[in-house]
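J.: This is the structure, below, for whatever I ask next.
The values are calculated or read from the model by the stated rules, or taken from the named source; none is laboratory data. Since we're looking at a predicted model, the values are computed, not measured. Cβ placement follows ideal geometry from the backbone for every residue including glycine, while neighbour counts extend to all protein chains displayed. Remember, those area values only see protein heavy atoms, side chains included, never the ligands or the DNA or RNA. Shrake-Rupley method; radii C 1.70, N 1.55, O 1.52, S 1.80 Å.
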Amino acid sequence: MKDVKAVNSLKLKINYGHLGYAGNTGHFLYRTNWKNGDKFEHKPSTGGPTTDLVRYGNPDLKWEYSNELNIGVEGTFFNNRLSADVNYFREMRKNIIGKNTVKYAAVVGDFIPAENIGEVMNQGIDAQVRWQDKIGEIHYNVGVNLTFTKNKLRKSDELDNIEDYRKSVGRSTSTIFGLQAEGLFGKDVQLAGHPLQSYGAYQAGDIAYADLNGDNMINDNDVTDLGQSFPTTTMGIDLSLNYKGFGLYILGTATTGVTNILSSSYYWNNGLDGYSVLALDRYHPVNNPTGTQPRLTTTSGANNSRNSSFWSENGSFFRLKNVELSYTLANKTGKFIGKDFKFFVRGTDLFVLSGIKDLDPERMLSGLTNYPTYRTITGGISINF
């Protein structure tokens, strides 16, 4: 690479591994286990101890394992002003151990042997890129780190004869399943003639759901893919500027490709719990015919309080995490303690850009059942000795 002036260093990295896994499984699953039970009495004070079955073993059980591949390129370019580290990773996990509950009738109970039922593939790209240079007396440094992941369930104990729209195989393991909402009864959908919904009593103002399989009954056979709870992309970007003692540092974080289900007590206003401000926008055919929220009820509201597209929201966001403005004063005279003094003003969690406006999209329970997210602004002096 000596003749390529734009390249200062370049490294190719390739790793492959075959790894066993036993961290989430019980011991001796291949063996049928028994234990001493309670005393069995033929008549008072006559009898003996029993022997109880713990589980059936599976002598054909195999170890769970994963094949992992990593390919990366690392280098510096343009007189070391540009540095990059980009990696592709792929993990194929096979022979995942679990209980094949759909294979046996319910009368079998919990006495189901463990089997190798799962297979999952994870793959993605992890990248870090940084550029540093100066314009006149302004020194700047810009960095970006990004992780993109794609996950797929390739094999499970799922039935083969179910509808494609509710199959887990072929989708991400973090897929959120729920009903497809059509709107509110009385406002968007006529109550009369609508397929029967099997989630408790409902009336005008409740959520209407789509009958995806056309059997004129809304139940768990109508759930479909609403998105995924794990983001596909996480990203961070930082910027540093320095000019004659003045400094500016900015850090932002972002997440995309994630769906949040708005299922906290802030959104699900029912029962005798305290209601949020959204209760003011509940639908009522007379008092609030333009309302966008389900009707209020003192019951559990089982028809409305469940995963559905009515409550799904794009959880992508950008957060301005940290901003610091500073001035460093050098102690050139040596009359004071310390080599230099840094005066700074720092802000944390200054704002978030997201489709979710009422709550923190990164910490949905913040301020409800957990501590709220604070926006803080601090100032100070640091002394370098």
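J.: Show me the trypsin sites (Lys or Arg not before Pro) within the range 276-349 that DSSP assigns to loop and that have at most 10 other Cβ atoms within 10 Å of their Cβ.
T.: Answer in residue order: 332, 335.
J.: So which trypsin sites (Lys or Arg not before Pro) in the range 57-163 end up in coil per DSSP with only 12 or fewer other C-beta atoms within 10 Å?
T.: Taking the range 57-163 and a limit of 12 other Cβ atoms within 10 Å, the loop trypsin sites (Lys or Arg not before Pro) found are 62.
J.: Still on this structure: Taking R0 as 41 Å, what FRET efficiency do you get between residue 125 and residue 350 from their Cβ-Cβ distance, rounded to the nearest 0.05?
T.: Computed FRET efficiency for residue 125 and residue 350 comes out at 0.90.
J.: Now a separate question. Evaluate the Kirkwood expression for the hydrodynamic radius of the chain, namely the inverse of the mean inverse distance over all pairs of different C-alpha atoms, and round to one decimal in Å.
T.: 27.1 Å is the Kirkwood radius here.
J.: Hey, another quick one. Given a 1.4 Å probe, how much area per residue of the chain is accessible, in Å²?
T.: About 61 Å² of surface per residue is accessible.
J.: Next question. Starting from the Cα of residue 38, step 7 Å toward the Cβ, then list every residue of the range 102-139 with an amide N under 20 Å from that point.
T.: 109-111
J.: For residue 240 paired with residue 382, estimate the spin-label separation in nm (one decimal), with each label point 7 Å from Cα along the Cα-to-Cβ line.
T.: 1.1 nm
J.: Hey, another quick one. For the chain, what is the charge dipole size about the Cα centre, in debye to the nearest 20, if Lys and Arg each add +1 at the Cβ and Asp and Glu each add -1 at the Cβ?
T.: It works out to roughly 1760 debye.
J.: For the full complex of protein chains and a 1.4 angstrom probe, list 199, 209 by accessible area with the highest value first.
T.: The ranking, largest first, comes out as 199, 209.
J.: For an R0 of 35 angstrom, estimate the FRET efficiency from the Cβ-Cβ distance between residue 275 and residue 165 and round to the nearest 0.05.
T.: After rounding, the FRET efficiency stands at 0.55.
J.: Pairs of Cα atoms under 8 Å, at least six residues apart: use those to get the relative contact order of the chain, whole percent.
T.: Worked out over the chain, it gives 10 percent.
J.: Of the lysine pairs in the range 100-174, how many meet both conditions: Cα atoms under 29 Å apart, and a spacing of 8 or more in sequence or different chains?
T.: Final tally of qualifying lysine pairs is 6.
J.: Now, a different point. Run the numbers for residue 6 and residue 343: contour at 0.36 nm per residue of separation, minus the present Cα-Cα distance, in nm.
T.: 117.4 nm
J.: At what distance in nm do the modelled label points of residue 194 and residue 74 sit from each other, each positioned 7 Å from its Cα along Cα→Cβ?
T.: 5.8 nm
J.: Straight-line reach only, C-alpha to C-alpha below 24 angstrom: list the lysines that residue 339 could link to, leaving out same-chain residues fewer than 8 apart.
T.: Qualifying lysines at Cα under 24 Å: 244.
J.: While we're here: Roughly what would the spin-label model give for residue 27 and residue 108, points 7 Å off Cα along C-beta, in nm?
T.: Taking the two extended label points, one gets 2.6 nm.
J.: Checking the cross-link filter: which aspartates and glutamates have an alpha carbon closer than 12 Å to that of residue 99, excluding same-chain neighbours under 8 positions apart?
T.: Leaving aside aspartates and glutamates fewer than 8 places away in the same chain, those within reach of residue 99 are 110, 115, 157, 158.
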